[in-house]
Amino acid sequence: MKHDVVLDVTELPAHGLGTASLSWWGTLAFMLIEGTGFVLSIVIYLYLMSVAPRWPLDTAPPDLLAGTTLTVVLLVSLIPNVFVTRWARSQDLRKVRMGLIVMSLVGVLPLILRVFEFPAMHIKWDQNAYGSIVWVMLGLHTTHILTDLGETVVLTSLMFTRHGDNARRFGDVADNAMYWNFVVLTWLPMYVCLYWVPRL
Amino acid sequence: MRAVADREGVRDTGMEAVELDRRLAATWSTPPGLWGALSTVDHKIIGRRYIVTAFVFLALGGVLALLMRLQLAQPEARFVGPDRYNQIFTMHGSNMMFLFAVPVMQAMAIYLVPLMVGTRNIAFPRLNAFSYWMYLAGGLLLWIAFAVDTGPDVGWFAYVPLSGPQYAAGKRADIWAQMITFTEVSALAIAVEIVVTVFKQRAPGMSLDRIPLFVWSMLVTSFLVILAMPAIMIASTSLILDRLVGTHFFNPAEGGDVLLWQHLFWFFGHPEVYIIFLPAVGMVSSIVATFTQRPVFGYLAMVMALIATGVLAFGLWVHHMFVAGLPRLGESFFTASSMAIAVPAGLQIFCWLATIWAGRPIFKTPFLFVIGFIVVFVIGGLTGVMVASVPFDTQVHDTYFVVAHFHYVLVGGAVFPLLGAVYYWFPKLTGRMMSETLGRWSFGLIFSGFNLTFFPMHILGLQGMPRRIYTYQPEMPWSGLNMFISLSGIVLAAGFLLFFIDAIRSARSGPVAPANPWGASTLEWATSSPPPSYNFARLPVIERLEPLSDRSDPLGIVEGLYTDRRELLITGVVEARAQARESSVGSSIWPLLAALATSAMLIWSIFTPWAVVWGSIPIAVALIGWFWPKGDPEDET
Amino acid sequence: MGLLSTGALVSGCNGSQSALNPYGAPAIHLENLIIGIVALSAMIWLLVMVMLVLALRRGRGAETEGRTSEGRLTMTVSAAVAVTVAIIAGMTIASFFTTRSIGVPQSAAVTITVRAQQWWWQVIYAGSDGTPTFQTANEIHIPVGQDIRLQLESADVVHSFWVPSLAGKQDLVPGRSNDLLLRAEKPGIYRGQCAEFCGLQHSHMAVMVVAEAPSDYARWITSQRADAMMPADPDAASGQAAFLAKPCAACHTVRGTQATGTTGPDLTHIGSRQTIAAGLLETTRGSLAAWIADPQTLKPGNNMPMVPLTSIELQNISAYMESLK
């Protein structure tokens, strides 16, 4: 078959950045999946509340201290995260390394606070449906912190190898930072739901 | 002109065709042997594997259906006891929905979408490989459990409390719930791949209004998967938690609620129907366009209908719960929304009729299946309108009327187009043609066998025969029709047997197919049958909706890609302007290892919650191995 | 009672279980709706088929004919969509009005509680003004021509109450209470069965609705309220003794005796019922004996264990059961 060359792509970059990157879109799609999961967990919470005679069921509303501190920590963590994103975009290896170390440490803090959040609920998962949903919501979100922390730690060590200085790695760092934003932002409605809805 | 070699490698600019094919094959081919088979990331190999596996599950599910018909042919028959019968119908439903219908549609997309949009591999090829292994593991889990008498026996919908800790002792319900996790992980993975492939890997110039209708349908389907499947994952996880660690989501005694399960299940379960049906719609459009020798009438209307169906699909779930005792006013709303979905469905039927009207039909086997589809699916759509009516539904819900209805929708609406699609794309899948004679025979047997089997079920339902009964008493007036149905089932089975014989025979020794045996006009026919490992020696540039429709005007092509590493083209979402060359990853064993680790954790977690903790360690190791750079040229540049 | 059964046979609807054989106002409304929608749908289907055949034939030999313009096709398709919208709106409105006509009215004369269990129906007639509550199983008596409110509950899993000749179905959901309007226009026996999959013996979970003239109904109520009769013949008397001595009494109640178990059906007037084991067998001394001797073969997986009995005991207990009219 005869072909006409109508497009020469020699000059195009060998790797797409931002919205021209496949992994950026992939991350977005997975955020959509997990976001749907978070929304559904909130819907289940509200549904169970609507069928219950009183709420929270047979216990006091959760203590605010641990959860609120964690919320503040997560919000503050957005600041270094913004810097990491910026440094990744400008492909500044030294600063990205530093930023990732900070983010790895920052990722551990909420896990420590989370340990205090479970008892602050004043209920166990197997006591009643209220206990079940609050534990599952906390568990679901903890899983996300854990996986993102794991990814951050692996990326951090990767950035210190010979594979670090590579446009793809910087893209991965930016996507990972975007995912952390997602983990923080999805926590906010869950925080309101878990801590303030029972006080309505 | 000589090929251009620079510091980084050899580009295809000006390269001779033979030289180009040789170089690309060396770069893209899956190595031979077992290791190559286990580590391949070629979307065509994985797609074919997926399709074959799904059809094996179809055959197994069909055998289960025959067993049920054997038992129901006579009143109070004793071929199959209630315990085994409950496993059989649960297996039949779960297998057909989760292991056949959804995967086979996604599998067709894995194979076809990259070809139809003119790229060299699917987005995230390793995720694609992982997805297949997860699917296979989930299917094996379910069937092995069934073989050792631990098959789920709580219905494919697993209503609580029957599937809960109190009434479903043993591991049967857990097997069901965990099989869900396997298949949903694989389905979600494919959905992400398809969305990103369609968004970012379309051939330059394939703007939104030049996307083939099959690709549109798979795009909408993938969004349905992404938004619907989390509901069933959350539901099945909650069920496992209720069963394993004593949570109370569905226990009314402790503040849980039985109907919560039904809401979650059907919030997934209804879109599931469209996840199966919409790809079929895309297949029908492809076949209609080719065999009427003109573009499908009303392209924009068809796309809008697909999107409208996808949106409405999320507003219908309550019509599966019309007799559960929800407030009447809410139910009336869902009657209206359920009926409203008939509008986009009708619109599509009308558009196809208009296409046939204005075209010049060629009566080949794929087109026969499309005609069969229209005849059968319109009945299924109309009975769908019937069950959308709350009062009508109170008489037919959970009866054989509904069994008839959804087989008309799913077999008529999805399997008929799928079989047509297999006949249609078989040359592209295997490089060989299927037999037209056997195709006509199998269509005739399947079409008549199907109608003879399922139409009488409408009557049985109205005569008061409920679903999911393993037997009925001789004094009920149902035995005549049931015997008739069982005998008709043999005709239907014979049709499928003929189809399988034809497919296997043709794959081995059918006539060799040219690149475009049907004179079709979409991109997958622009490359050889079957396509080479790199799909297109030179990536096409698209200037119209049907790029192959005008033979005097050859395809434009792209130049300047490297030949010695896997490279493809990234384009913009709307206009599909080229944005970047991008590496596509090569073969890797890690997706298989990750799938094995994940499977081990999921199956182990049926027995103890600690499996989630300890089982996560191998998964983490596998994932690090998967993503850790290996210094290959695809990563280094 | 015998008279009533004969009457039901004569009326031609003994055991009727079909949505197309309605004998109660709700079922009649539903049948009208069903016939209307099915007829309309059949017409639509025929119309589409005619269009399909015409389109296929036209295209076949149309090489030389002028092609239909895109504009005319657009108009035709738009018109077809408009007609679809209109038909759908019509059907929605029709079902809305039918829904209203089968709702449970405030004025329902009688309320009966039905509590479904794996795999039988517990039926509770509440007492009032000093009359005691009584229970029966798998058989609901109602007066003809009156609106009856069924209060539907479940003791274990989800079941669905469906007597198609009288009304559409309604689920019985654990932790919730639903209601259903039941009404029979003619005396007769109307069969129904569980319509929601509920486990091993979902297939054998039938219920009989016996509709009778108000006077017969009143007589039935009176007899059911009474405690069980003391057995008159010696076989039945030994049967009672055996029944009370064996594990039977741990699960079943026979009012007026020490048998007060509540796991299984109340047997106070079992001899008066049409069937045993939720519609599985007609009530005869032989079927009672067969059932008691080996319930697991007749209805595999049901919750009644096989109690070891000598053949004399079996005969006597069956005689006792049959005597509990």
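Does A:Ala14 meet the test of being open to solvent by less than 30 Å² (accessible area, probe 1.4 Å) and within 7 Å of chain B (Cβ to nearest Cβ)? Please lay out each step first, then the result.
Details: open to solvent by less than 30 Å² (accessible area, probe 1.4 Å): yes; within 7 Å of chain B (Cβ to nearest Cβ): yes.
When the stated conditions are applied, A:Ala14 passes them.
Here's a check for you: in segment C:95-112, which residue that is in contact with a Leu (Cβ under 8 Å, 6 or more places away or on another chain) and facing chain B (nearest Cβ under 8 Å) is nearest to C:Ala42 (Cα to Cα)? Applying the filter and picking the extreme gives C:Ser95. In summary, strands (runs of 3 or more DSSP E) completely within segment C:153-224 and bearing 1 or more residues that are without any contact (Cβ under 8 Å) to a residue 24 or more places away in the chain occur at C:170-172.
Just wondering, is there one or more residues in segment B:6-14 that are under 25 Å from the mean Cα position of the chain (by Cα) and not acidic (Asp, Glu)?
Residues of segment B:6-14 under 25 Å from the mean Cα position of the chain (by Cα): none.
No: segment B:6-14 contains no residue that is under 25 Å from the mean Cα position of the chain (by Cα) and not acidic (Asp, Glu).
Looking at B:Ala345, is it within 8 Å of another protein chain (Cβ to nearest Cβ), hydrophobic (A, V, I, L, M, F, W, C), open to solvent by 10 Å² or more (accessible area, probe 1.4 Å) and in a helix (DSSP H, G or I)? The answer is no for B:Ala345.
Among the residues of segment B:567-593, those identified as outside any strand (DSSP E or B) and out of contact with any Phe, Trp or Tyr (no Cβ under 6 Å at 6 or more places or on another chain) are B:Gly572, B:Val574, B:Glu575, B:Ala576, B:Arg577, B:Ser584, B:Val585, B:Gly586, B:Ser587, B:Ser588, B:Ile589, B:Leu593. Just so you know, in segment B:385-408 the residues that are open to solvent by 10 Å² or more (accessible area, probe 1.4 Å) and more than 9 Å from chain C (Cβ to nearest Cβ) include one that is nearest to C:Ala94 (Cα to Cα), and it is B:Val387. Kindly check whether there is at least one residue in segment B:307-327 that is within 11 Å of another protein chain (Cβ to nearest Cβ), open to solvent by 10 Å² or more (accessible area, probe 1.4 Å) and closer than 26 Å to C:Leu152 by Cα. Yes; the residues of segment B:307-327 include at least one that is within 11 Å of another protein chain (Cβ to nearest Cβ), open to solvent by 10 Å² or more (accessible area, probe 1.4 Å) and closer than 26 Å to C:Leu152 by Cα. The residue that is farthest from the other protein chains (Cβ to nearest Cβ), among those in segment B:351-384 that are in contact (Cβ under 8 Å) with a residue 40 or more places away in the chain and more than 25 Å from B:Arg440 (Cα to Cα), is B:Gly384. Take segment A:124-166 and flag every residue that is more than 8 Å from chain B (Cβ to nearest Cβ), among the acidic types (Asp, Glu) and either part of a loop (DSSP other than H, G, I, E, B) or open to solvent by 20 Å² or more (accessible area, probe 1.4 Å) (or both). If the condition is that a residue be more than 8 Å from chain B (Cβ to nearest Cβ), among the acidic types (Asp, Glu) and either part of a loop (DSSP other than H, G, I, E, B) or open to solvent by 20 Å² or more (accessible area, probe 1.4 Å) (or both), then A:Glu151, A:Asp165 are the ones that fit. Only one entry of B:Phe277, B:Phe333, B:Phe291, B:Phe350 meets the criterion of being at pLDDT 95 or above and open to solvent by 20 Å² or more (accessible area, probe 1.4 Å), and that entry is B:Phe350. In this structure, C:Pro247 qualifies as open to solvent by 50 Å² or more (accessible area, probe 1.4 Å), closer than 27 Å to C:Leu298 by Cα and touching a residue at least 40 places away in the same chain (Cβ under 8 Å). Evaluated against (1) more than 14 Å from chain C (Cβ to nearest Cβ); (2) surrounded by 20 or more Cβ atoms within 10 Å (Cβ to Cβ); (3) assigned to a loop (DSSP other than H, G, I, E, B), B:Ser528 falls short on exactly one condition, (2).
Scanning for something surrounded by 22 or more Cβ atoms within 10 Å (Cβ to Cβ), modelled with pLDDT of 95 or more, within 22 Å of the chain's Cα centre (by Cα) and not aliphatic (A, V, I, L, M), does segment B:220-229 turn up at least one residue? Yes, that holds for at least one residue. Checked against the criteria, C:Leu180 counts as within 14 Å of chain B (Cβ to nearest Cβ), open to solvent by 10 Å² or more (accessible area, probe 1.4 Å) and over 25 Å from C:Met321 (Cβ atoms). Being within 14 Å of another protein chain (Cβ to nearest Cβ), farther than 24 Å from B:Ser583 by Cα and in a helix (DSSP H, G or I) is the requirement here; does B:Ser131 meet it? Judged against the criteria, B:Ser131 is not a match.
When segment B:367-378 is filtered for residues that are under 21 Å from B:Gly93 (Cβ atoms) and surrounded by fewer than 24 Cβ atoms within 10 Å (Cβ to Cβ), only B:Val376 remains. For first residues located in segment B:252-281 and farther than 30 Å from B:Val303 by Cα and facing another protein chain (nearest Cβ under 10 Å), partners that are open to solvent by 10 Å² or more (accessible area, probe 1.4 Å) and assigned to a helix (DSSP H, G or I) and lie 6+ apart or on another chain with Cβ distances below 7 Å form the pairs B:Asp257/A:Val51; B:Val258/B:Pro252; B:Leu260/A:Tyr47.
Out of B:Arg544, B:Arg551, one residue alone is more than 10 Å from chain A (Cβ to nearest Cβ) and open to solvent by 30 Å² or more (accessible area, probe 1.4 Å). It is B:Arg544. Does B:Arg126 satisfy the criteria of being in a loop (DSSP other than H, G, I, E, B), in contact (Cβ under 8 Å) with a residue 40 or more places away in the chain and under 18 Å from A:Trp25 (Cβ atoms)? So B:Arg126 does not fit the description; no.
The values are calculated or read from the model by the stated rules, or taken from the named source; none is laboratory data. The structure displayed is predicted, hence computed values, not measured ones. Note that we place each Cβ from the backbone using ideal geometry, even for glycine, and neighbour counts take in every protein chain shown. Heads up: the accessible areas ignore ligands, DNA and RNA and are worked out on the full protein's heavy atoms, side chains in. Shrake-Rupley method; radii C 1.70, N 1.55, O 1.52, S 1.80 Å.
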